[in-house]
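Notes to accompany the following structure.
The values are calculated or read from the model by the stated rules, or taken from the named source; none is laboratory data. It should be emphasised that the depicted structure is a prediction, and the values quoted were computed from it without experimental measurement. Positions of Cβ are backbone-derived with ideal geometry, glycine not excepted, and every protein chain shown enters the neighbour counts. Surface accessibility is based on the protein's heavy atoms, side chains included, excluding ligands, DNA and RNA. Shrake-Rupley method; radii C 1.70, N 1.55, O 1.52, S 1.80 Å.
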Amino acid sequence: MGLSSIGTATEGMQLCIFDLRRGQHEGQELDKILYFFPPDLPFSTQLSVIGLSEGLITFTRIFSPEAACEVIEAERHSHVFYEAEPDIWMVMILEKSKEPEAIWRIDALREVLKEIHSLFMMFHGSIRALLDKEPGGGLTRAHLYPFIMDYLRACQKLSPLDECCWDFLVGKKLLLPSFRDCLKERRTVQMLTVGREAAIEVQTLVRLLESSAGNAPCSSLILFQDLLVSTTLSPEDTVNLFTYAVLRLTPLALSSGARSWSYLRKGNTSSHVTAGSTLAPSGSVSEQFYGSQHTSPAGDNRYCVTRPLQHDKWSKGKDGFLITDIWGVDVGSSDVTTPIVWLHHTEERMYLCAYQYKSLTLILLIPLSSILNGEQGVSTVKQQLLENASLKILKVEEKLSKGWGGENAYHVSGYRYLIVDGNRDISRASPPAKVTTLTKESLLALNRLREEVDAEKSRSKWDNPGRDKDLEVSIRSKNNAWAIARITGGKELYMVLEKANETLLYASDAVEKFSNRYCSGAFSLD
């Protein structure tokens, strides 16, 4: 993941979560702080940062009461806002820098905040619900602090040639998405293209999976390698489960050394944000306030907190099911407790059962309310799944493997591209190893273009709510490459052409050919 080196130990970057409903009386100001990074800053500094953020939120509401504040650009800092829940705000503050790598896209940073909150909700429920459960805030801080620190350490490496693309923390550096990530789209899933015969086999497998729990209304997710094959979940829940599966459950995620998802990482081609010490010193006042980084079911006397993003906690059992002790061990036996997730669409808590055969990963979600005898009932469903679907799983994996073209399967010679279907939260892009062949000037041009498109989309959202805006933008970079964007019908195409002719007509014709051949004409001007 491309990133940029900025700031001093206290000024480089802050990330905070606070509740506007709390701490409104003198002497109670600390109550509003739910999370702060870096955690070892003095509370006076933390309150100063949050006080400024509150002031900016209040000020912008005067001019735009219906639209939540998203970004404030000051002379020395960028303030990125996300209202995760009513009156609960996540704010990222970054010091601007003249470093050549310190160039980011605001919408990409907001997507980081959205991803943190969405994943947190999937495992722990809403922040407001935790505050209502324990009004003092200790329970909420005990969940947020280890979860976000584990998230910042989580990293995905798609191949040995790929930059570590979700690696935020390296020592005392916080790495954030930069211009080098302009051909990636966070919070989307990447689909595997399958033929008609394979699709029929997959549909049959889905029916077998979901029948394993009898009459219970189950849902499922099927992945091949790190690509989505099938889902019966809503788009938002699909994105969340897909993200977690790619981080922790797929074969590449399980193989030691192949992947180490960490926004703290080594490397010279990233944008680094110095943020003081990454963790509060053990036993420090801040750690006592937010909760220890080592909080776990066995390690905290006050709260039982699971840490689902911990590294190296999942493994494959002898029966093919994936197991972890993150959720604890079943009382009275040596069996681990089945993970539980919360679905946004149905607002249900579900058992998560993951099974793996070679490159195929199957996730079955079973409502807690449908399993009357807990872990014993889950074991029965697993056994039924093996009896019903084992042969079909082998057949599907074999068919998908035969049709798989490898990590460069979606490379198109001469093009570096990103396609986003916003209606379905799906994206497809040039392989990361191919994107690294682009020059810095080309990536900067595309990043600048995407910022212009983001701004136009934001304006259109408030001027014409409910209507998708059609848009075409082309930029010629200093190295004579073309950066092109076409937006239509909720779908977006971003492209870099480094070897195109000097004329815009030639570049436009190249985009037309790509659209007709690989996108069924979705981006054609005819």
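Descriptive notes on the structure:
- For the stretch 73-87, taking the residues that are over 21 Å from P39 (Cα atoms) and more than 23 Å from the chain's Cα centre (by Cα), the one that is most open to solvent (accessible area, probe 1.4 Å) is identified as E75.
- Just one of the listed residues (G422, G414) is on the phi > 0 side of the Ramachandran plot and at pLDDT below 95, and it is G414.
- Among the residues of the stretch 9-50, the one identified as among the hydroxyl-bearing types (S, T, Y) and in contact with a strand residue (DSSP E or B) (Cβ under 8 Å, 6 or more places away or on another chain) is Y35.
- Just so you know, in the stretch 499-526 the residues that are open to solvent by 70 Å² or more (accessible area, probe 1.4 Å) and at pLDDT 90 or above include one that is nearest to E441 (Cα to Cα), and it is D509.
- Checked against (1) open to solvent by 30 Å² or more (accessible area, probe 1.4 Å); (2) touching a residue at least 40 places away in the same chain (Cβ under 8 Å); (3) within 28 Å of K461 (Cβ to Cβ), G55 passes all but condition (2).
- Matching residues, the stretch 353-372, being open to solvent by 10 Å² or more (accessible area, probe 1.4 Å) and farther than 11 Å from E397 by Cα: Y355, L368, S369, S370, I371, L372
- Looking only at residues of the stretch 201-253 that are among the acidic types (D, E) and more than 21 Å from G422 (Cα to Cα), we find that the one that is modelled with the highest pLDDT is E201.
- Criterion violated by S390 - all others in (1) out of contact with any strand residue (DSSP E or B) (no Cβ under 8 Å at 6 or more places or on another chain); (2) touching a residue at least 40 places away in the same chain (Cβ under 8 Å); (3) in a helix (DSSP H, G or I) satisfied: (2)
- Yes/no for L400 being modelled with pLDDT of 95 or more, surrounded by fewer than 16 Cβ atoms within 10 Å (Cβ to Cβ) and not in a loop (DSSP other than H, G, I, E, B): no
Residue-wise test of (1) modelled with pLDDT of 95 or more; (2) surrounded by fewer than 16 Cβ atoms within 10 Å (Cβ to Cβ).
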position: E11; (1), (2): no, no
position: H25; (1), (2): no, yes
position: P39; (1), (2): no, no
position: W89; (1), (2): yes, no
position: A102; (1), (2): no, no
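- Residue match in the stretch 180-190 (condition: within 21 Å of F120 (Cβ to Cβ) and modelled with pLDDT under 90): no
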